[in-house]
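The values are calculated or read from the model by the stated rules, or taken from the named source; none is laboratory data. Computed from a prediction, not measured in an experiment: that's the story for all the values here. Positions of Cβ are backbone-derived with ideal geometry, glycine not excepted, and every protein chain shown enters the neighbour counts. Areas reflect the complete protein model, heavy atoms only, side chains present, ligands, DNA and RNA absent. Shrake-Rupley method; radii C 1.70, N 1.55, O 1.52, S 1.80 Å.
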Amino acid sequence: MDQIKLNGSKILVTGGNGYLGKLFIQELLTLEAEVSVIDISENTTGYNLPYYQLNLSDEDILKKAVNDIKPDYIFHLAASLNRSRDFSLCNSLIDINLSGTVNLLNALKNIDYNNFVYISSSEVYGNENKSPFKENMLVSPASPYSLSKYFGEKAVSTFSNIQSKNYTILRLFNFFGKDMPKNFFLSQLVDKLRNNENFNMTKGEQKRDFLHVLDVLDAMILAVDEKAYNQVFNVCSGEGKTLKELAVEAKELLNSKSQINFGAIPYRKNEVWEMMGDNSKIRSKLGWKTNKNIFLDI
């Protein structure tokens, strides 16, 4: 990746207290950016920086924070990540992932920023598209979560077009890194394998596109490039493996004595069987490339 210069740039990161947010803040500070954070939870980033603990539903407080920060770039990571297929959760997910995004956009209306980067999900493609997924495909969300994320995408592009502002949408595929939260498949698997405990999972026939979180951070940094403006990009490895293959590979790397019980857990309703992306657009337009094995520092 070509070196991006951000020294002195004022950058707002929403959801900066999450796993990806904390790593991204570290990367931004390395590039000498001036980082401010908005998050609903108490600051555990470990950094002494402008930190606004607030809910995106609090429009007046949000607007005041944004006017204090006056960011050059906004990276909107804040979201509810509940991937349940339970449609009764739809309203609460839309309140956070759509309405929260709309509130943030409205708060930024009079701010002369360079770019608004929205972190979306590969799940918006659903299971009606044939992989590898390309950015110009029609979406078919497979869950209330992915539906809310796509609504957020449309809010960002519609607002930006009306207000003549720039935006970039990054559709992240599955990623993995050291110290991942325990509510993800690979982190649960690795934790069990390290402790030589048995692990229950589905038959593992689902094919997924995984990349290392460091490659995700590179893609996010590149979103400040003017060539990224008003574009949608897949952030993915471009290769697919079944979850069974990944589980076996991780067990071998860790030399684990765990038994992996394939088929002990049923598949989810409306499962997406192949979720692999085409990364040719972000490679050609922004010069992004993958460098890390997903099991780096396993």
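Brief remarks follow.
- For the range 86-134, a residue qualifies if it is assigned to a loop (DSSP other than H, G, I, E, B) and either of a type in the set (A, V, I, L, M) or open to solvent by 50 Å² or more (accessible area, probe 1.4 Å) (or both), and the qualifying residues are Asp86, Leu108, Lys109, Asn110, Ile111, Asp112, Asn114, Asn127, Glu128, Lys130, Pro132, Lys134.
- Every residue from the range 1-42 that is in a loop (DSSP other than H, G, I, E, B) and under 20 Å from the mean Cα position of the chain (by Cα): Met1, Gly15, Gly16, Asn17, Gly18, Ile40, Ser41
- Among the conditions (1) assigned to a strand (DSSP E or B); (2) open to solvent by 50 Å² or more (accessible area, probe 1.4 Å), the only one that Arg83 does not satisfy is (1).
- Residue in the range 246-288 that is nearest to Leu189 (Cα to Cα), counting only those that are at pLDDT 95 or above and among the charged types (D, E, K, R): Lys251
Let's see how each residue does on (1) free of Cβ contacts under 8 Å to residues at least 40 places away in the same chain; (2) within 26 Å of Asn183 (Cα to Cα); (3) not basic (Lys, Arg):
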site: Glu59; (1), (2), (3): no, no, yes
site: Tyr73; (1), (2), (3): no, no, yes
site: Ser120; (1), (2), (3): no, yes, yes
site: Gly126; (1), (2), (3): no, yes, yes
site: Pro141; (1), (2), (3): yes, yes, yes
site: Ser148; (1), (2), (3): no, yes, yes
site: Phe151; (1), (2), (3): no, yes, yes
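- Qualifying residue in the range 282-290 (condition: open to solvent by less than 40 Å² (accessible area, probe 1.4 Å), in a loop (DSSP other than H, G, I, E, B) and in contact with a strand residue (DSSP E or B) (Cβ under 7 Å, 6 or more places away or on another chain)): no
- Test: residue in the range 230-241 that is open to solvent by 10 Å² or more (accessible area, probe 1.4 Å), without any contact (Cβ under 8 Å) to a residue 40 or more places away in the chain and not aromatic (Phe, Trp, Tyr): yes
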